[in-house]
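The next block holds one structure in the form of structure tokens; read it before the comments.
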Amino acid sequence: MTKKLLVGMIMVLLCLQTAAPRTVFAAIKEKELEAYAAEIGTDAEGLNRYLVDFDWGTLEEIDADSVEELREFLGEPVTKENFQAFLDENDYTAEQFDQRLADQGYADKGYTAENILLVTDLYYVMGEPVNAENLQMLADDLGMTEKELADLFAESGLDIYSYAFMDDLYDVIYNDINGVSLHFLLQDVDMSKEGLDQLLADNGVTMDDFASYDELASFIYTESGYDFDMEWESMSPLLQAIGISKEEYRNFYDHLNTVLGGMDDAFFERLFALYDRLESFGDFETINELDDSQREEIVSIWHEAMDLFQLKAKFYLADGTTKQEVTIEELSRIKDIGNQILFVELYDASGNLLMNFSLTGDLVNHEIFEIPAAVEQPKPSVEPAAPKHEAPVKEKAAIPTKTAAETVKEEGKRLPDTASPIGNILAAGTVLMAAGAALYAWNRRKTHSN
């Protein structure tokens with residue numbers, strides 16, 4: 001097992017996909033960058049701050065090799081002439097533009113119409129206007145006609161044609177609690193209004209108990225079973241390949257949700273501590289390369305991760321005639337299990353059996369990691385920003401679940417056939433499945449709306 005994979009497990013648990021901060025601006029010489037910044041009305045630090053504020057990313061993330069490349073990427077700077085042309089072309093006023101800056105929080109950061117640096121950001125600030133073309137596109141995305149969408153708004157006492165900007169419509173549909181957003185939430189989980197009323201009653205809550213759309217969406221997705229069904233759909237090829245049923249995984253899933261519901265600062269401190277311990281190993285391909293003290297440390301990390309998620313495991317090696325219980329310490333010292341089968345039983349901290357499964361060397365090293373993903377992958381949170389020639393259309397958030405199989409495949413290698421079983425267990429067994437479930441449950445709270 002590579003050290004990168006071990007570190008990846010902890011990083012998945014943390015849902016961290018960020019890059020370490022850097023101290024210099026890409027490959028552009030400082031004097032050239034300062035000259036370009038002055039040309040558009042700021043300095044290098046001010047330009048970097050502006051780009052972050054307007055969602056381009058930092059100069060580091062843009063990673064231009066020259067001022068010319070940066071200039072081409074960012075586009076035309078704002079002048080008095082092209083700003084007025086922008087207003088005239090779109091029938092806006094300067095007062096409307098300043099109001100949009102205020103509405104989006106830019107005024108609080110000191111921005112006015114006079115200190116917007118890039119023409120692209122004029123369009124970004126104003127967003128997409130509510131017009132026939134954009135309304136039709138929205139209706140198409142929602143699988144409705146424009147009239148049906150307008151009628152749905154009207155049923156909630158809202159007039160779809162009273163909004164000036166599409167962002168405001170997106171807020172109604174995806175970010176606010178109202179009849180329109182509730183319609184699409186219930187549509188997602190195939191639930192009627194009567195069904196929601198019963199779900200609320202069963203849990204002793206009312207609609208007034210939800211302070212935000214996120215809270216309501218999380219409640220509906222979780223309590224209706226939608227979250228679990230989506231998780232099972234993505235994980236089932238891997239899980240069924242090693243003998244885990246939907247009922248067993250439900251036990252495991254509920255256990256992880258209970259644990260994650262109690263996450264606090266101490267929980268994350270322990271995770272970071274595990275990451276730091278893994279970082280000290282450097283690179284290695286299999287655990288067989290490590291000395292005894294390093295093996296003991298790997299096993300200790302494994303125990304810590306299991307304890308963190310309040311899990312216990314029992315292991316058995318079977319050769320067709322005998323079945324013998326073994327410890328994780330003993331497994332860490334076995335170089336090759338040959339034709340034996342490794343049986344794993346996973347319990348909660350109270351000793352209740354959550355699931356059991358079996359692994360063979362051939363299955364772990366080959367077939368199990370070749371099962372394709374069933375869900376769309378989340379994009380890394382750090383990537384070069386693209387020019388925003390028009391405001392991005394908000395979409396209903398997908399659930400960005402990363403399965404254990406996908407995590408391993410991203411490393412670009414299979415575990416070698418001679419790898420110790422401890423490596424296989426860490427890669428495809430209980431801890432890594434915990435990581436996948438942790439990622440899912442954590443992101444669930446953050447991705448049901450844009």
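The values are calculated or read from the model by the stated rules, or taken from the named source; none is laboratory data. Values in this document were obtained by computation on a predicted structure and should not be read as measured data. Here the Cβ positions follow ideal geometry from the backbone for every residue, glycine too, while neighbour counts run over all protein chains shown. Ligands, DNA and RNA are stripped out before the accessible areas are found, and what is left, the full protein with its side chains, is counted by its heavy atoms. Shrake-Rupley method; radii C 1.70, N 1.55, O 1.52, S 1.80 Å.
Exactly one residue among 130, 78 is over 30 Å from residue 34 (Cα atoms), touching a helix residue (DSSP H, G or I) at 6+ places or on another chain (Cβ under 8 Å) and β-branched (Val, Ile, Thr), and that residue is 130.
Of all residues in the range 101-112, those that are in a helix (DSSP H, G or I) and at pLDDT below 90 total 1.
Please enumerate the residues belonging to the range 302-321 that are in contact (Cβ under 8 Å) with a residue 60 or more places away in the chain and in a helix (DSSP H, G or I). Within the range 302-321, 302, 305, 306 meet the criteria.
Total residues in the range 147-169 satisfying the condition of being open to solvent by 50 Å² or more (accessible area, probe 1.4 Å), among the aliphatic types (A, V, I, L, M) and within 23 Å of residue 92 (Cα to Cα): the figure is 1.
In the set (1) open to solvent by 50 Å² or more (accessible area, probe 1.4 Å); (2) over 13 Å from residue 122 (Cα atoms), residue 88 fails one condition alone, (2). In the condition set (1) in a helix (DSSP H, G or I); (2) open to solvent by 70 Å² or more (accessible area, probe 1.4 Å), residue 324 is compliant with all but (1).
I'd like the full set of residues that are polar (S, T, N, Q) and surrounded by fewer than 17 Cβ atoms within 10 Å (Cβ to Cβ), limited to the range 225-245.
Quick first cut of the range 225-245, residues polar (S, T, N, Q) only: 234, 236, 240, 245.
Matches in the range 225-245: 240, 245.
Among the residues of the range 273-322, those identified as at pLDDT 85 or above and among the aromatic types (Phe, Trp, Tyr) are 309, 315, 316.
Mind checking which residues of the range 70-80 are in a helix (DSSP H, G or I) and open to solvent by 50 Å² or more (accessible area, probe 1.4 Å)?
Filtering the range 70-80 down to residues in a helix (DSSP H, G or I) leaves 70-74, 80.
Within the range 70-80, 71, 72, 73, 80 qualify.
Count, please, the residues in the range 170-201 that happen to be open to solvent by 30 Å² or more (accessible area, probe 1.4 Å), within 19 Å of residue 228 (Cβ to Cβ) and either part of a loop (DSSP other than H, G, I, E, B) or touching a residue at least 12 places away in the same chain (Cβ under 8 Å) (or both).
The initial filter retains those residues of the range 170-201 that are open to solvent by 30 Å² or more (accessible area, probe 1.4 Å), namely 171, 175-179, 183, 187-188, 190-194, 197-198, 201.
From what's left, within 19 Å of residue 228 (Cβ to Cβ): 187-188, 190-191, 198.
Pick out the ones that are also either part of a loop (DSSP other than H, G, I, E, B) or touching a residue at least 12 places away in the same chain (Cβ under 8 Å) (or both) and you get 188, 190-191.
Qualifying residue count for the region: 3.
This table checks each residue for (1) at pLDDT 95 or above; (2) in contact with a Ser or Thr (Cβ under 8 Å, 6 or more places away or on another chain); (3) open to solvent by 50 Å² or more (accessible area, probe 1.4 Å); (4) under 25 Å from residue 127 (Cβ atoms).
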{"position": "29", "(1), (2), (3), (4)": "no, no, yes, no"}
{"position": "39", "(1), (2), (3), (4)": "no, no, yes, no"}
{"position": "55", "(1), (2), (3), (4)": "no, no, yes, yes"}
{"position": "65", "(1), (2), (3), (4)": "no, no, yes, no"}
{"position": "68", "(1), (2), (3), (4)": "no, no, yes, no"}
{"position": "82", "(1), (2), (3), (4)": "no, no, no, yes"}
{"position": "92", "(1), (2), (3), (4)": "no, no, no, yes"}
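Residue under question is residue 127, and the condition is that it be open to solvent by 40 Å² or more (accessible area, probe 1.4 Å) and not aromatic (Phe, Trp, Tyr); does it hold? Spell out how you get there, then give the answer.
Working: open to solvent by 40 Å² or more (accessible area, probe 1.4 Å): no; not aromatic (Phe, Trp, Tyr): yes.
Here the answer is no, as residue 127 does not meet what is asked.
Scanning the range 126-151 for residues that are in a helix (DSSP H, G or I) and at pLDDT below 90 returns a single hit, 126.
Suppose we keep only residues that are within 35 Å of the chain's Cα centre (by Cα) and not charged (D, E, K, R) within the range 327-340. Which one would you say is surrounded by the fewest Cβ atoms within 10 Å (Cβ to Cβ)?
First, the residues of the range 327-340 that are within 35 Å of the chain's Cα centre (by Cα): 327-329, 331-332.
Add one more test, that the residue is not charged (D, E, K, R), and what stays is 327-328, 331-332.
Details: 327: 12, 328: 18, 331: 20, 332: 22.
Applying the filter and picking the extreme gives 327.
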